[in-house]
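Asks: I am attaching a structure below and will ask some questions about it afterwards.
Every number in this text was worked out from the coordinates using simple rules, so none of it is lab data. Being a predicted model, the structure only gives us computed values, none of them experimental. Heads up, the Cβs are rebuilt from the backbone with ideal geometry, glycines too, and the neighbour counts pull from every protein chain shown.
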């Protein structure tokens, strides 16, 4: 799932895509996928691409926070949680620092 999301986000030119393995430190999910977009239109394109790729593979979003005007959108797929941010909000909330005990992994490791 994380690999599908990563690839879909990459196709939409998402910036600084990070995958954090949180299996050993949290029960809320296995992975966080975090990426930035340069504006709300790009963020919405990223949301659409990730949803479509995961849906076509049989995965359904259990909850989504944010809308087409949001600068932080969260998509919960139970096993993975996708966080899409504007650059400014990503710096402000700094999830990578908060979840630094997780393992940052590359797409090749999935």
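So that you can scan it fast, the table gives a plain yes or no per residue for (1) in a helix (DSSP H, G or I); (2) under 15 Å from residue 96 (Cβ atoms):
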{"site": "4", "(1), (2)": "yes, no"}
{"site": "10", "(1), (2)": "yes, no"}
{"site": "19", "(1), (2)": "no, yes"}
{"site": "25", "(1), (2)": "no, yes"}
{"site": "29", "(1), (2)": "no, no"}
{"site": "42", "(1), (2)": "yes, no"}
{"site": "45", "(1), (2)": "yes, no"}
{"site": "52", "(1), (2)": "yes, no"}
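Asks: Residue check: is residue 96 under 13 Å from the mean Cα position of the chain (by Cα) and either in contact (Cβ under 8 Å) with a residue 12 or more places away in the chain or assigned to a loop (DSSP other than H, G, I, E, B) (or both)? It would help to see each step written out before you state the result.
Replies: Working: under 13 Å from the mean Cα position of the chain (by Cα): yes; either in contact (Cβ under 8 Å) with a residue 12 or more places away in the chain or assigned to a loop (DSSP other than H, G, I, E, B) (or both): yes.
So residue 96 fits the description; yes.
Asks: Evaluate the following for residue 16: is it more than 17 Å from residue 90 (Cβ to Cβ), touching a strand residue (DSSP E or B) at 6+ places or on another chain (Cβ under 7 Å) and either without any contact (Cβ under 8 Å) to a residue 12 or more places away in the chain or surrounded by fewer than 20 Cβ atoms within 10 Å (Cβ to Cβ) (or both)? Write out each step before concluding.
Replies: Numbers: more than 17 Å from residue 90 (Cβ to Cβ): no; touching a strand residue (DSSP E or B) at 6+ places or on another chain (Cβ under 7 Å): yes; either without any contact (Cβ under 8 Å) to a residue 12 or more places away in the chain or surrounded by fewer than 20 Cβ atoms within 10 Å (Cβ to Cβ) (or both): yes.
So residue 16 does not fit the description; no.
Asks: Considering only region 69-93, state which residues are part of a strand (DSSP E or B), in contact (Cβ under 8 Å) with a residue 24 or more places away in the chain and either touching a strand residue (DSSP E or B) at 6+ places or on another chain (Cβ under 6 Å) or on the phi > 0 side of the Ramachandran plot (or both).
Replies: Filtering region 69-93 down to residues part of a strand (DSSP E or B) leaves 72-76, 80-86.
Next, only the ones that are in contact (Cβ under 8 Å) with a residue 24 or more places away in the chain stay: 73, 75-76, 80-86.
Listed by number, the residues that qualify are 73, 75, 76, 80, 81, 82, 83, 84, 85.
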